[in-house]
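First comes the structure, then the notes that go with it.
Computed from the coordinates by the stated procedures, all read-outs in this text should not be read as laboratory data. All values reported here derive from a predicted model rather than from experimental measurement. All Cβ positions, glycine included, derive from the backbone under ideal geometry; neighbour counts span all protein chains shown.
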Amino acid sequence: MNALLGVDRLSVVYKSGLPALQNVSFAMNAGEIIGIVGESGSGKSTLLRALLGMLPDGGQYAGGDIIFQGKSIFSLSQKEWGSIRGKRMAMVFQDSGSYLNPIRTVGSQYIEAIRTHVELSKKAAYAIAVDMLSQMGLDEPDRMMSMYPGQLSGGMKQRTAIAMAVTMEPELLLADEPTSALDVTTQVEVIKRLTSLRASQGTGMIIVTHNIAVAAHMADYIGVMKNGSLVEFGQTSSIITSPRHAYTRELLAAVPELEGNTDGI
Ligand SMILES: Nc1ncnc2c1ncn2[C@@H]1O[C@H](COP(=O)(O)OP(=O)(O)O)[C@@H](O)[C@H]1O
Ligand SMILES: [Mg+2]
């Protein structure tokens, strides 16, 4: 077992209001997939942003520690962060695809993104980009490289953004509702591709989803958040079959799919 991340009694407050995270603790090993579920406002996005060292404006760490690959993130210099964020630890959002620059081709921005992290010729970067796009299940990746984001569907853009995020083969991918904006068929496809990244790159992931069925399908462990606290955390099978917290039971009861099979999810 290879410890990847340890979160120890982490608390975060926003200037304006109640604590957004309260004493959140959990740990994960390399290559594990954690699903984080909970209602809107429970602190899921704040947790991911906190792990990446990028709290939104007005957010402050109020206690606890985050150990990534053996080192507290609070001890990292700017330079060390530069070598971790986007490389060892990457993030995708619900609408990451919409952040692609509309007036530049996919290829030119993808190649540039690669070359900010590693010294490579444009040709080598192009080859890496094409390979990643095809790993994300995009047909005709060469043709896509010369297209503009406006020529792509939402699902294609989101897959492109995910491909870009994982190009440096991060050990930890933080994904905040990465498929929520997509239609159901595309969601299934993107989830399959995310799961296959673990097989191909050994990527550990923390996936925030409001759909506990998605978490049940993908994750080794599920964490349930409520009002800034992690009220339950455990192996997916035990969370599904014997949830301890009343709130987890409510979430499970709201998902009809879980009573049958989750194959289609
Ligand atoms: N930038 C912000 N400024 C002030 N409060 C915020 C900010 N972002 C989130 N919050 C508050 O922190 C709490 C947790 O929000 P968030 O992490 O976005 O939850 P979730 O992702 O589970 O919906 C909520 O009460 C929310 O209103
Ligand atoms: Mg959120």
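Considering only the stretch 28-38, I want to know if a residue exists there that is within 16 Å of ligand 2 (Cβ to nearest atom), within 14 Å of Val224 (Cα to Cα), assigned to a loop (DSSP other than H, G, I, E, B) and not aliphatic (A, V, I, L, M). Step through it out loud before you land on a result.
Just the residues of the stretch 28-38 that are within 16 Å of ligand 2 (Cβ to nearest atom), to begin with: 34-38.
When the remaining residues are screened for being within 14 Å of Val224 (Cα to Cα), the result is 34-38.
Okay, now just the ones that are also assigned to a loop (DSSP other than H, G, I, E, B), so 38.
Among the residues that remain, those that are also not aliphatic (A, V, I, L, M) are: 38.
Taking every residue of the stretch 28-38 in turn, at least one turns out to be within 16 Å of ligand 2 (Cβ to nearest atom), within 14 Å of Val224 (Cα to Cα), assigned to a loop (DSSP other than H, G, I, E, B) and not aliphatic (A, V, I, L, M).
Taking the stretch 11-40, which residues are under 22 Å from Val92 (Cα atoms), within 16 Å of ligand 1 (Cβ to nearest atom) and touching a strand residue (DSSP E or B) at 6+ places or on another chain (Cβ under 9 Å)? Step through it out loud before you land on a result.
Here is the first cut: in the stretch 11-40, the ones under 22 Å from Val92 (Cα atoms) are 12, 20-21, 24, 26-40.
Keeping just the survivors that are within 16 Å of ligand 1 (Cβ to nearest atom) gives 12, 20-21, 24, 26, 34-40.
Result: Val12, Ala20, Leu21, Val24, Phe26, Ile34, Gly35, Ile36, Val37, Gly38, Glu39.
Identify all residues within the stretch 39-59 that are out of contact with any Lys or Arg (no Cβ under 8 Å at 6 or more places or on another chain) and within 12 Å of ligand 2 (Cβ to nearest atom); write none if there are none.
Listed by number, the residues that qualify are Ser40, Gly41, Gly43, Lys44, Ser45, Thr46, Leu47, Leu48, Arg49.
Considering only residues that are assigned to a loop (DSSP other than H, G, I, E, B) and within 15 Å of ligand 1 (Cβ to nearest atom), look in the stretch 41-53 and name the one that is surrounded by the fewest Cβ atoms within 10 Å (Cβ to Cβ). Please lay out each step first, then the result.
Of all residues in the stretch 41-53, those assigned to a loop (DSSP other than H, G, I, E, B) come to 41-43, 52-53.
Pick out the ones that are also within 15 Å of ligand 1 (Cβ to nearest atom) and you get 41-43, 52.
Working: Gly41: 14, Ser42: 24, Gly43: 22, Leu52: 20.
Result: Gly41.
Please specify each residue of the stretch 54-74 satisfying the condition of being without any contact (Cβ under 8 Å) to a residue 60 or more places away in the chain and either within 8 Å of ligand 1 (Cβ to nearest atom) or not in a strand (DSSP E or B) (or both). Quick ask: steps written out before the conclusion?
As a first pass, look at the stretch 54-74 and keep what is without any contact (Cβ under 8 Å) to a residue 60 or more places away in the chain: 54-65, 71-74.
Scanning the stretch 54-74 gives Met54, Leu55, Pro56, Asp57, Gly58, Gly59, Ile73, Phe74.
Against the condition acidic (Asp, Glu) and under 18 Å from the mean Cα position of the chain (by Cα), how does Asp95 come out, does it pass?
Working: acidic (Asp, Glu): yes; under 18 Å from the mean Cα position of the chain (by Cα): yes.
It is true that Asp95 is acidic (Asp, Glu) and under 18 Å from the mean Cα position of the chain (by Cα).
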